[in-house]
Amino acid sequence: MSAAIAIAGLHKRYPRVHALNGIDLTIERGEFFGLLGPNGAGKSTLINIVAGLTRFSEGRVRVLGHDVVTDYRRARRLIGVVPQELTYDPFFNVREVLRIQSGYFGLGRENEAWIDELLDALMLTDKAGANMRALSGGMKRRVMIAQALAHKPEVVVLDEPTAGVDVEQRKQLWVFIRRLHREGHTIVLTTHYLEEAQALCERIAILNRGELAALDTKRALMARGIGRMRRLCLTTAEPLRALPEALTPKLRRQEGNQLELQLDKETDSIIAVVDALRAHGAVITDLSTESADLEDVFVELTHRNPR
Amino acid sequence: MNPMGFYTLFYKEVLRFGKVLLQTLIAPIITALLYLLVFAHVLAGRVEVFPGVVYTAFLVPGLVMMSVIQNAFANSSSSLIQSKLTGNLVFILLTPLSHLEFFLAFVVAAAVRGILVGAGIYLVSVFFVTVPVHHPIFILAFAALSSSVLGALGLIAGIWAEKFDQLAGFQNFIILPLSFLSGVFYSIHSLPVFWQHLSRFNPFFYMIDGFRFGFFGVSDIAPLFSLLIVLAALAVLTAVTLLMLKTGYKLRD
C-alpha cells in the first residue's frame with residue numbers, strides 16, 4: 001500500500017538559498033504527523049512542493065503513489081491543503097466559495113450535503129450567506145480549512161491552521177481535526193504552537209535550515225536528550241554558600257535563595273537531592289518540578305550545530 | 001479531462017464580473033455611447049468613410065469592437081492579478097485543473113464579458129442610428145475570436161504583472177493606443193501612406209476591419225485575410241499562455 005506522502009532526495013534551490021537539502025520523508029496512511037521547525041526552516045516550502053504550488057530542483061514526491069509532477073491531477077485530488085497565508089476571494093459568500101472549490105475537483109450538487117456538514121462542523125452555518133469580507137480572521141481561517149476539505153481528500157495538510165485563532169476556537173478546531181483523523185484521514189500539521197503538536201501528533205519531523213533535524217515518534221523524541229530531563233526548582237531559607245559536590249554538575253541557575261537543577265528522570269531521585277541538600281544544612285521552604293516538553297526538545301535540536 | 005472543473009472556473013469568472021455589473025458592463029456601454037454621441041454630433045454629415053454609409057453608422061461597429069477588445073482584456077487580466085496579489089489564486093492552483101482548462105475558463109469568460117458589452121452597445125445604438133447586418137457569421141466570428149485573443153493577452157499580462165501599476169501600464173501603453181489607432185474612428189484609406197502601412201502591423205486593425213465587414217459588406221482589407229491574422233494571433237497567444245502556465249511562470253515559484 002502506498003504511503004500517504006513519500007518524499008525522496010528532495011532539493012529546492014533558490015538563486016541564493018538552498019531551501020531544502022536532500023529531504024527523505026515518508027508519512028504513512030492514517031498518521032497524525034507534525035512538521036515543526038523555526039521560521040525559515042523550509043516547512044512551507046516542503047508543503048508547497050507536496051501541494052504542487054512550488055517547483056523543486058531534484059528528487060521525487062508522491063501522494064498516495066501519484067507523482068505530484070507527472071500525475072498531478074490524481075495527486076491533487078487526494079490531498080487538501082490549508083495554506084498558511086490568510087487569503088480569501090472578496091467577491092463571494094462562504095457557500096459560494098465552497099461550492100466553487102468542490103466544483104474545481106469535478107464535484108457538483110451531489111457534494112452539497114458534505115458542504116453543509118463542513119459548515120456545521122466548522123461553526124460556519126449561520127455565516128454561509130455572508131460575504132468573505134464580513135468575516136473575522138478566525139472565521140476566514142475556518143473557511144480556508146473547509147475549502148481544503150471540500151473535495152474530501154484522504155490526506156489533509158494544515159500549514160499553521162490555528163494562527164490568529166482564539167483559544168476557544170483553537171480547541172474546537174483540534175476537536176474537528178481529531179475527528180478527521182479518527183475517520184481515517186492522514187493529517188499533516190505544521191504549527192508554531194508546540195503544545196499543539198505535542199497534544200495531537202503521533203510522529204514528528206523537525207526541520208532546521210532545510211534539513212531534517214529529527215524524525216521520530218513523539219514518545220521517542222521525548223525520551224532522548226533534553227526530553228529525559230526534569231527541572232527541579234528550590235527555594236531555601238538562606239542563600240546557599242556551596243552545593244554538595246555531587247549536585248554541582250546538575251546546577252543550571254542560582255540566584256539568591258533560588259536554585260534550579262536539571263535532573264535525569266531515569267537516574268536522579270528528587271528525594272535523594274533534597275536529602276543531600278538538607279544534609280548540607282539547607283532549609284528548603286519551597287519546591288517545584290517541571291518535565292522537559294516538546295519545546296525543550298525543539299530548542300535543543302534546532303540550536304545544535306548551527307551552520 | 002475535468003469538464004466540471006473547467007465549467008466551475010468559467011462560472012466563477014462570469015459570476016465575478018456579474019457581481020460588479022455597474023463597473024464591468026454598464027460603465028463601458030455608457031462610455032461607448034458617449035463616444036458615439038460626441039463624434040456623431042461633431043462629424044455627422046462632414047465625413048463619409050464608406051459610400052452610402054453615414055458616419056454615425058460607420059462608427060458603431062468600431063466602437064463595439066473596441067469595447068469588446070478592452071473589456072475582454074480587462075476581465076482576464078484584472079481577475080488574475082487580483083487573485084494573485086490577494087493570494088486566493090492558491091485555491092485554483094491547488095486543484096487538478098489542467099493548464100488548458102485554466103486557460104479556456106479565463107479566456108471564454110473574458111470573451112463572454114467582451115461580447116456582452118459589445119452586444120449592449122450595439123443594442124442601445126440602434127435606437128440612434130440604423131446599422132445594417134450583411135454577414136452575421138463574420139460579426140460573430142470576429143467578436144468571438146478577437147475577444148478570445150484579448151482574453152489570452154489579458155492572462156499573459158495578469159501573469160506577468162507583479163503590481164497593478166504594471167498592468168495599468170500594459171493597458172494604457174499597449175491596449176488603449178492599439179485599439180484607438182486601429183480604425184475605430186476612420187478608414188485607414190483616409191490616412192497618409194506611411195500610417196496606412198503602419199496600421200497593417202496592428203492586429204487590432206484586422207479585428208475591427210473584419211468585424212465592420214460583417215455589418216456593411218465593405219472593408220479596407222479582404223475579410224478572410226483579416227480572419228487569418230486574428231486566428232494566427234490567437235494561436236500564438238494561446239501557445240505563449242499555455243507555456244507560461246505549464247512552466248508555472250510567476251505562478252508556481
(request) Output the residue which, of all residues in the stretch A:1-36 that are surrounded by fewer than 14 Cβ atoms within 10 Å (Cβ to Cβ) and of a type in the set (D, E, K, R), is nearest to A:ALA205 (Cα to Cα). (result) A:ASP24
(request) Could you tell me whether A:THR217 is outside the structural domain of A:ASP159 (by TED's automatic domain parsing) and β-branched (Val, Ile, Thr)? (result) no
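Being at the interface with another protein chain (Cβ under 7 Å from one of its Cβ atoms) and either of a type in the set (Val, Ile, Thr) or closer than 12 Å to B:GLU101 by Cβ (or both) is the filter here; which residues of the stretch B:1-17 pass it?
Going through the stretch B:1-17, the residues at the interface with another protein chain (Cβ under 7 Å from one of its Cβ atoms) turn out to be B:2, B:4-5, B:8-9, B:12, B:16.
Matches in the stretch B:1-17: B:ASN2, B:MET4, B:GLY5, B:THR8, B:LEU9.
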(request) Filter the stretch A:105-119 down to residues that are within 14 Å of chain B (Cβ to nearest Cβ), outside any loop (DSSP other than H, G, I, E, B) and surrounded by 20 or more Cβ atoms within 10 Å (Cβ to Cβ), then give me how many there are. (result) 2
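Counting just the residues of the stretch B:173-187 that are assigned to a helix (DSSP H, G or I) and surrounded by fewer than 20 Cβ atoms within 10 Å (Cβ to Cβ), which one comes out modelled with the lowest pLDDT? Break it down stepwise before answering.
Taking the stretch B:173-187 first, the residues assigned to a helix (DSSP H, G or I) are B:173-180.
From what's left, surrounded by fewer than 20 Cβ atoms within 10 Å (Cβ to Cβ): B:173-174, B:176-178, B:180.
Details: B:PHE173: 93, B:ILE174: 92, B:LEU176: 90, B:PRO177: 89, B:LEU178: 90, B:PHE180: 84.
Among residues in the stretch B:173-187 that are assigned to a helix (DSSP H, G or I) and surrounded by fewer than 20 Cβ atoms within 10 Å (Cβ to Cβ), the one modelled with the lowest pLDDT is B:PHE180.
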(request) Look through the stretch A:237-268, keep the residues that are loosely packed, with under 11 Cβ neighbours inside 10 Å and polar (S, T, N, Q), and return whichever of them is nearest to A:MET222 (Cα to Cα). (result) A:THR267
(request) Considering (1) part of a helix (DSSP H, G or I); (2) under 13 Å from the mean Cα position of the chain (by Cα), say which one B:PHE170 fails and leave the rest. (result) (2)
(request) Could you check A:ALA242 against (1) over 34 Å from the mean Cα position of the chain (by Cα); (2) within 30 Å of A:ASN21 (Cβ to Cβ) and say which number it fails? (result) (2)
(request) Quickly run through the stretch B:5-36 and pick out the residues that are surrounded by fewer than 16 Cβ atoms within 10 Å (Cβ to Cβ) and over 22 Å from the mean Cα position of the chain (by Cα). (result) none
(message) Any residue that is surrounded by fewer than 17 Cβ atoms within 10 Å (Cβ to Cβ), over 17 Å from B:ALA72 (Cβ atoms) and free of Cβ contacts under 8 Å to residues at least 24 places away in the same chain - is there at least one of those in the stretch B:209-218?
(response) no
(message) I'm trying to understand the selection: among the residues of the stretch A:35-69, which are within 13 Å of chain B (Cβ to nearest Cβ), over 18 Å from A:ALA148 (Cβ atoms), part of a loop (DSSP other than H, G, I, E, B) and of a type outside the set (Lys, Arg)?
(response) A:PHE56, A:SER57, A:VAL69
(request) Look at A:ASP275 and say whether it is outside the structural domain of A:LYS43 (by TED's automatic domain parsing) and at pLDDT 85 or above. (result) yes
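Yes/no matrix, rows are residues, columns are (1) of a type in the set (D, E, K, R); (2) in the same structural domain as A:ARG29 (by TED's automatic domain parsing); (3) loosely packed, with under 14 Cβ neighbours inside 10 Å; (4) touching a Ser or Thr at 6+ places or on another chain (Cβ under 9 Å):
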residue	(1), (2), (3), (4)
A:LEU98	no, no, no, no
A:ALA121	no, no, no, no
A:LEU124	no, no, no, no
A:ALA146	no, no, no, no
A:ASP166	yes, yes, yes, no
A:VAL175	no, yes, yes, no
(message) Within the stretch A:87-104, take every residue that is outside any helix (DSSP H, G or I) and within 7 Å of chain B (Cβ to nearest Cβ) and give me the one that is nearest to the chain's Cα centre (by Cα).
(response) A:THR87
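From the residues in the stretch A:74-86 that are at the interface with chain B (Cβ under 7 Å from one of its Cβ atoms) and within 12 Å of B:LEU94 (Cβ to Cβ), which one is modelled with the lowest pLDDT? Walk me through it before giving the result.
Of the stretch A:74-86, the ones at the interface with chain B (Cβ under 7 Å from one of its Cβ atoms) are A:76-77, A:81, A:83, A:85.
Okay, now just the ones that are also within 12 Å of B:LEU94 (Cβ to Cβ), so A:76-77, A:81, A:83.
On the way: A:ARG76: 97, A:ARG77: 97, A:VAL81: 96, A:PRO83: 92.
Here the residue is A:PRO83.
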(message) From the list A:GLN169, A:GLN147, A:GLN198, exactly one residue is within 14 Å of chain B (Cβ to nearest Cβ) and of a type in the set (S, T, N, Q). Which is it?
(response) A:GLN147
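Listed here are the residues, each with its yes/no results for (1) within 13 Å of the chain's Cα centre (by Cα); (2) over 30 Å from A:LEU122 (Cβ atoms); (3) surrounded by fewer than 18 Cβ atoms within 10 Å (Cβ to Cβ); (4) modelled with pLDDT under 90.
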residue	(1), (2), (3), (4)
A:ARG179	no, no, yes, no
A:THR186	no, no, no, no
A:TYR193	yes, no, yes, yes
A:GLU196	yes, no, no, yes
A:ALA199	yes, no, yes, yes
A:ASN208	no, yes, no, yes
A:GLU211	no, yes, yes, no
A:MET222	no, yes, no, yes
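The values are calculated or read from the model by the stated rules, or taken from the named source; none is laboratory data. Since the structure is predicted, the reported quantities are computational estimates derived from the model, not experimental observations. Cβ coordinates were reconstructed from backbone atoms using ideal geometry, including for glycine residues, and neighbour counts include every protein chain displayed.
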